[in-house]
Each structure stands twice: as structure tokens, then as C-alpha cells.
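Below is one structure, written out as C-alpha cells; the observations come after it.
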Amino acid sequence: SSRFSSMLATDPPLEVATKIESYVIRLLTMAVTHDPAFQRAPPRKVLVRFLALLNTVHEMLCRGSQCSLRELYYRHVGLFPGGQAESDRILRSVCETLRVPRPALGVLSVPKGLVKGDLELLESGSCKWRNCGGLLEPRGVAVSATAHRTIEVRTQARCVLILEKETLFDRLCEEGFVETWGPVVLVTGRGYPDLPTRYLLSAIRRSRPDLPFFVAVDFDPHGLAIAATYALGSETCWHSENFRLERCTPILEGDELALARLGVSRADCVPLRHRDKAQSLLSRFVSRDVDRVWSRATQQMLHSSVTYELDCIPNLGNFLAGRCGLGVV
């Protein structure tokens, strides 16, 4: 993640545009001189799509404009019969070819994350700190689409608690979790985290390497996969964007006696679905040699064949505070 920040600092728009120009000149030179390397180029249709995206990105960089992945796709919708997924895949190749992260191309994600708590952010080119714990924002603030520009973070938080779902985030905000257990930072990516949310978490990690991170998700394969995305990175990532939150502890409780103490009954549980996904995650945890809490929770899930949602825990705030080491009322 520190490498990503340095790349954004050293690759301003016009320098990236120059990289594109140099690449196209090399490509044309190889074509004219019948360089053997050009014979290994992608099929013509793929190359046309690649160059179309490259041209649009170059124009945006020269104008100083930006767009979303969706907007970029619709500018060339006729070129991509496979839909936006095909456009995204080729743009990923552009990132790898130029060796720059996607935001350096001016192509940003539409942010969906929320944050609340003891946190102030300063973005590059701005002199105004953004307060994420203001009284006027009782339900938190939206993560900025330009979170990758965050250059300075101020926080006295005791930990960062990442929540899988917006419903959990809203519930804790309404219950006054931040005020009761603070200083603390709550974050949600509303499902699988988008890049702006992960950039923000990476900026917090760089600022406070000692700060504990916890991720609370539903006890099912889907929730476990979301937690793994935060802690281990995405399995399909853009160049230099595979952020991992090392020492990010999952809050997963699969022990039946512990669940009974928490007030989770059998009626709250549902049979395990997507067993193959859970087994795949278990293999990933073992191969990555991560903390045993990951594999142990997955084994409990496979053994019991039951899952549950965090929403069914009556005193959820107390439970999460205890697991984060913030104390117990």
C-alpha cells in the first residue's frame, strides 16, 4: 500500500499520458518493422478494444478529467459484447502494461463505503481536514471516491471495527457504539469492499501501524469471503491494488455453547449452503498460513453445517466491544 501511495505521488496525469504515448509508439514500431514480439500480440479484436480504452484514458489525462468504470464502458459499449466485465478485464491489462494503479488513469470506483468515529482525513491538494465523527453526521459519512489521495490521517482510536453490512453499521450507530466504547472507528464496505474503502483502511494502517483491526461478518461462507478480502486481499486485483490488512482479526463465533450464551438459538440458524465455497476458503487459509482463527472458524462451520447472521445477536454492541478488547458493560 505504501508503494501504491508513492506511485500516485510520482505518476501525475501528464506523466501517465506520456507513458501511454511511449507504449503506443513502441507498439507501432514493432508492427512496422515486423518485430517477432508483435506476432505475440493479442488477437486483433482484443487489441482494438485495448487501444480504444487506452485512447480514452489518454484523452482524460490530458484534459484532467475522470470517470467511473461504468462510464468508461458505456463510451465503448459497442466494442464489448461481453458487457462491462470484459471492459474491466481489458482495463486491468492496461494497468498491468503501464504498471500504474487504476486511479492514476483517472478511472475511479463509485464509492459505497461508510465511516464513523474518531478519524480526520486530509487529501492531497486540500487544506481542509475531513471529520468523520462530527455531531452533524450521526449515521457516519460516505467514503470519498478520491480516498486514494488521502495523505494524512489523525485518529486516537483504540481500534478499527469493519462491519460486513450497512444494517450492522446503522444499528451500532443508532445504539451509540462509538460514543459508548470510543475512541473507535467503524467502517463498512456494504458487502464486498470497494477500492475507495480499502484505500481508506490502508491509509489508516499506514498512519497507525499499531492499531488493531477487526472485521465482523455473518457466520456463513459469503461473510467469510468478505472478511478474507479485507485481510488477505482480492483474488482478482488491479495492478498494485491488492491491499491486505495484515493482523486483521475476524470476529467469528461458531461454538454452539458460546452462541447459546449470546442468545442465538437454533431457530436463528440456517443450514449451511455453498459448502464448496467454505472448503475453498479453508484451503486458501491453510495455504496462506494465516492465523488459525480463520481455519478454525471455517472448520466449525463445515462440521456444524449451520450458519447465522450477526443481526440475530441481541446484545451485539456488547459482544463486539468485548471481542475488540474495548471492555464489557
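The values are calculated or read from the model by the stated rules, or taken from the named source; none is laboratory data. All values derive from a computational prediction rather than experimental measurement. Heads up, the Cβs are rebuilt from the backbone with ideal geometry, glycines too, and the neighbour counts pull from every protein chain shown. Just the protein is used for accessible areas: all its heavy atoms, side chains included, with ligands, DNA and RNA removed. Shrake-Rupley method; radii C 1.70, N 1.55, O 1.52, S 1.80 Å.
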Neighbours by Cβ (under 6 Å, 6+ apart or cross-chain): first from segment 99-125, buried (at least 21 other Cβ atoms within 10 Å of the Cβ); second acidic (Asp, Glu): Val100/Asp11; Pro101/Glu241; Ala104/Asp11; Ser109/Asp194
Subset of segment 128-158 that is basic (Lys, Arg), part of a loop (DSSP other than H, G, I, E, B) and in contact with a helix residue (DSSP H, G or I) (Cβ under 9 Å, 6 or more places away or on another chain) - its residue that is modelled with the highest pLDDT: Arg158
Failed criterion for Pro209 (all others in (1) open to solvent by less than 20 Å² (accessible area, probe 1.4 Å); (2) without any contact (Cβ under 8 Å) to a residue 12 or more places away in the chain hold): (1)
If you go through segment 80-117 one residue at a time, how many are under 14 Å from the mean Cα position of the chain (by Cα) and charged (D, E, K, R)? 2
Can you name the residue in segment 206-241 that is at pLDDT below 90 and farther than 19 Å from Asp291 by Cα and, of all such residues, is farthest from the chain's Cα centre (by Cα)? Ser207
Select from segment 155-192 the residues that are of a type outside the set (D, E, K, R) and open to solvent by 20 Å² or more (accessible area, probe 1.4 Å) and list them in ascending order. Gln156, Thr167, Val178, Thr180, Trp181, Gly182, Pro183, Tyr192
Residues in segment 291-305 that are surrounded by fewer than 19 Cβ atoms within 10 Å (Cβ to Cβ), hydrophobic (A, V, I, L, M, F, W, C) and touching a residue at least 40 places away in the same chain (Cβ under 8 Å): how many? 1
Of all residues in segment 251-278 being touching a Pro at 6+ places or on another chain (Cβ under 9 Å) and part of a helix (DSSP H, G or I), the one that is farthest from Asp220 (Cα to Cα): Leu262
Considering each residue of segment 63-88, count those that are among the basic types (Lys, Arg) and either without any contact (Cβ under 8 Å) to a residue 40 or more places away in the chain or assigned to a loop (DSSP other than H, G, I, E, B) (or both), and give that number. 2
Criterion first (touching a Ser or Thr at 6+ places or on another chain (Cβ under 6 Å) and part of a strand (DSSP E or B)) does Leu161 satisfy it? no
Within segment 267-290, work out how many residues are among the charged types (D, E, K, R) and without any contact (Cβ under 8 Å) to a residue 24 or more places away in the chain. 2
Flag if Glu137 is on the phi < 0 side of the Ramachandran plot, touching an Asp or Glu at 6+ places or on another chain (Cβ under 9 Å) and surrounded by fewer than 22 Cβ atoms within 10 Å (Cβ to Cβ): no
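Yes/no per residue for (1) among the basic types (Lys, Arg); (2) touching a strand residue (DSSP E or B) at 6+ places or on another chain (Cβ under 6 Å):
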| site | (1), (2) |
| --- | --- |
| Lys116 | yes, yes |
| Arg130 | yes, yes |
| Gly140 | no, yes |
| Thr155 | no, no |
| Arg171 | yes, no |
| Glu174 | no, no |
| Glu179 | no, no |
| Leu195 | no, no |
| Leu200 | no, no |
Here the residues within segment 1-52 that are of a type in the set (S, T, N, Q), at pLDDT 75 or above and in a loop (DSSP other than H, G, I, E, B) are Thr33
